[in-house]
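What follows is one structure encoded as structure tokens, with my remarks underneath.
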Amino acid sequence: MQIKGLAAVVTGGASGLGKASAQMLAAAGAKVAVFDLNAESGEAAARAIGGIFVSVDVSDDASVSAGLDAAQAAHGGARILVNCAGIAPAVKTVGKGNAPHPLDTFRKTIEVNLIGTFNMISKFAARAAALDEIDGECAVIVNTASVAAYEGQIGQAAYAASKGGVVGLTLPVARDLAQHKIRVMTIAPGIFLTPMLEAFPENVQQALGAQVPHPSRLGKPSEYAQLVASIIANPMLNGDVIRLDGAIRMAPR
């Protein structure tokens, strides 16, 4: 699918991997709607690429529907969805003082990362299925998992479970949507230079990057966006997960 002239939606588009994806799509000629809860950063990101910003909670039914309504009113029916919205709490299953993992934290992580991803997929796809085909396709969906889905580290029980769920839904959802000519792929990034890591001291960033076999550095959000572009362009990429990690396999901590 050619990106130029298409309408696109990027969740978590105010920063990090989502922002880089929105920038890539806009540079390639797409009309981009940035979905995020950070209004200040989201509006700035959308303004910089000539897109629109919509405040959306991906885990909320009404919020997602309203967001897609706004995106469609501005740009027409969207054919590209990039799901990058997510949270990453660090909590051990049993913490200090033998305290159990707060269930609300676990539930919230699943609601945003897993349920939020599926909420966006199902509502986006229901609209995209009504669009006419372009070169045999109606739409492309790219989700974001993590290498934590396979090698979750200490303190990542909730995060790894949520991302493992995203990995698990990729193939069945792609099979569900095949009749509607909608492709579904997932990217599982390794250690990338997102806003969370940018807050770490330089020596910590270098130590994390040194864990990557090759290239021995942190991934760049633009490299994630580059893979998004490749997925959109290649019609045979469907129903699978691509690790984007420089061959890293995460240690327990």
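Overview of results
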quantity	calculated
Distant-in-sequence amide H partners of residue 218 (H built 1.01 Å from N, under 5 Å)	209
Entries in 96/163; 92/181; 31/123; 31/92; 19/163; 19/181 that, when Cα-Cα distance is taken, lie over 30 Å	92/181; 31/92
Residues whose placed amide H lies under 5 Å from that of residue 53, excluding near-sequence neighbours	34
Relative contact order of segment 118-253, defined on C-alpha pairs under 8 angstrom at six or more residues apart (%)	30 percent
Modelled FRET efficiency - R0 25 Å, residue 87 with residue 61, Cβ distances, 0.05 increments	0.85
Formal net charge of residues neighbouring residue 192 (Cβ-Cβ distance under 11 Å; K, R +1; D, E -1)	-1
For residue 6, distant residues with modelled amide H under 5 Å away	31
Helix-only mean residue ellipticity at 222 nm for the chain, each DSSP H run of n ≥ 4 adding -39500 (n - 2.57), per residue, nearest 500	-13000 deg cm²/dmol
Cα-centred dipole magnitude for the chain, charges only on beta-carbon of K, R (+1) and D, E (-1), debye, nearest 20	460 debye
Vicinal HN-Hα couplings computed from phi for segment 141-152 (Karplus, 6.51 cos²θ - 1.76 cosθ + 1.60; Hz; Gly/Pro x)	10, 10, 9, 10, 9, 5, 5, 5, 4, 9, 10, x
Cα centre as origin, Lys/Arg/Asp/Glu Cβ charges: segment 124-203 dipole, Debye	260 debye
The chain: relative contact order as a whole-number percent, Cα under 8 Å and 6+ apart	20 percent
Stretchable slack from residue 99 to residue 210, in nm (0.36 nm times residue separation minus alpha-carbon distance)	36.6 nm
Cα→Cβ-extended label distance, 7 Å offset, between residue 38 and residue 154, nm	2.9 nm
Contour minus Cα-Cα distance for residue 48 and residue 129 (0.36 nm per residue)	26.1 nm
Summed residue charge, Cβ within 15 Å of residue 150's Cβ, Lys/Arg positive, Asp/Glu negative	0
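Read-outs throughout are calculated quantities, based only on the coordinates presented, and are distinct from any laboratory measurement. These numbers come from a predicted model, not from an experiment. We place every Cβ from the backbone using ideal geometry, glycine too, and count neighbours over all the protein chains shown.
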